[in-house]
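The values are calculated or read from the model by the stated rules, or taken from the named source; none is laboratory data. A quick note: this is a predicted structure, and the numbers were derived from the prediction, not measured. Glycine also receives a Cβ, built like all others from the backbone with ideal geometry; neighbour counts cover every protein chain displayed.
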Amino acid sequence: MALDHDNYRLDHLQLPAHVHVRIRGEWRSGWLIGCDRQLSGWHGLVQYQDDDEDQPETTTWLRAEDIAADGGG
């Protein structure tokens, strides 16, 4: 069964948006700073605090299914 990529949309969020990102199987807080609809589905450009002391902040593209909108108000 093919994945319906429209279920993982990011364009409804006002940027920048506080989100949760799945990194190496763990969820952590981050910021969504951009989004793009690609052939493989939605992707988001996110920034998050990394555990690596040499690179405390990471900016990278993630698949939308690895990004969750913050439910807080």
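Listing for the model above:
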read-out: Segment 34-49 - residue that is touching a residue at least 24 places away in the same chain (Cβ under 8 Å) and more than 18 Å from HIS12 (Cβ to Cβ) and, of those, nearest to the chain's Cα centre (by Cα); value: TYR48
read-out: Residue match in segment 55-65 (condition: among the hydroxyl-bearing types (Ser, Thr, Tyr) and part of a loop (DSSP other than H, G, I, E, B)); value: no
read-out: Residue check for ASP54: among the charged types (D, E, K, R), on the phi < 0 side of the Ramachandran plot, at pLDDT below 95 and exposed (fewer than 11 other Cβ atoms within 10 Å of the Cβ); value: yes
